[in-house]
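I have placed the structure first, in the form of structure tokens, so that the comments after it can refer back to it.
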Amino acid sequence: MVEIAGINVSRETMDRLESFAALAKKWNPSINLVARSTLADLWDRHIVDSAQVYRFAPQNAVHWVDIGSGGGFPGIVVAAMAKELSPNTKFTLIESDQRKSTFLRTAARELDLKLTVLADRIEHAPPQSADVLSARALSSLDALFPMILRHLGPNAVSILPKGKTFADEITQAKQHWDFDIVAHTSMTEPDARILVVKDITRD
């Protein structure tokens, strides 16, 4: 066993993540999956940063939905981990950019991941009734919550990596929404947080 983001995984899973990192680097010049300035540090800035999201998912999740999936962070990363750790979990990735959707499907095929990619806008995609939802670097909480609610099932949890402005986002969102939230310090950036949000309702 080896460890990534505090989670023990098999060598096979680590190989799968390393293959995904290589694929992302190969595709990045043509479709800008991640900022060019972060490409040299892709493993820590994007792979490990995405992998830590898995720590906060309920065990044996049935349906995990990742919205605004972009380059597959965290959607492809957590699906690659779940292939070993929670093989019955279904994954749906929603990404409106057609080129990035093509990349996500290619990654899923090459990594042997069973997941669905919806090439559609989040607000237009059919409601997914997720019990776990993730979104990374997509929008402020206040703007994100309507998109999240469209795709959540009952008693669902949302796992939202946020940067150093997370406290301001929470304050702003509380002007319009009620929600339960726990902020966990990021393993890759001390000023960032992984927000675990439940029971979102409009105020």
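Key figures
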quantity: Residues that are of a type outside the set (Val, Ile, Thr) and either in a strand (DSSP E or B) or surrounded by 23 or more Cβ atoms within 10 Å (Cβ to Cβ) (or both), drawn from the range 83-105; calculated: Lys90, Phe91, Leu93, Glu95, Phe103, Leu104
quantity: Selection status of Ala80, modelled with pLDDT under 95 and out of contact with any His (no Cβ under 7 Å at 6 or more places or on another chain); calculated: no
quantity: Any hit, the range 58-66, residues being in contact with a Ser or Thr (Cβ under 9 Å, 6 or more places away or on another chain), among the acidic types (Asp, Glu) and part of a helix (DSSP H, G or I); calculated: no
quantity: In the range 163-203, residue farthest from Ser50 (Cα to Cα) [restricted to those that are surrounded by 12 or more Cβ atoms within 10 Å (Cβ to Cβ), at pLDDT below 95 and of a type in the set (D, E, K, R)]; calculated: Lys164
quantity: Among the residues listed as Thr106, Thr102, Thr116, the single one being under 15 Å from the mean Cα position of the chain (by Cα), closer than 26 Å to Ala21 by Cβ, at pLDDT 95 or above and not small (Gly, Ala, Ser); calculated: Thr116
quantity: Flag if Asp15 is surrounded by 13 or more Cβ atoms within 10 Å (Cβ to Cβ) and over 19 Å from the mean Cα position of the chain (by Cα); calculated: yes
quantity: Test set (1) under 16 Å from Pro161 (Cβ atoms); (2) part of a strand (DSSP E or B) - Asn8 fails condition number; calculated: (1)
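The values are calculated or read from the model by the stated rules, or taken from the named source; none is laboratory data. None of these values were measured; they are calculated from a predicted model. Here the Cβ is made from the backbone with ideal geometry for all residues, glycine too, and neighbour counts use every protein chain on show.
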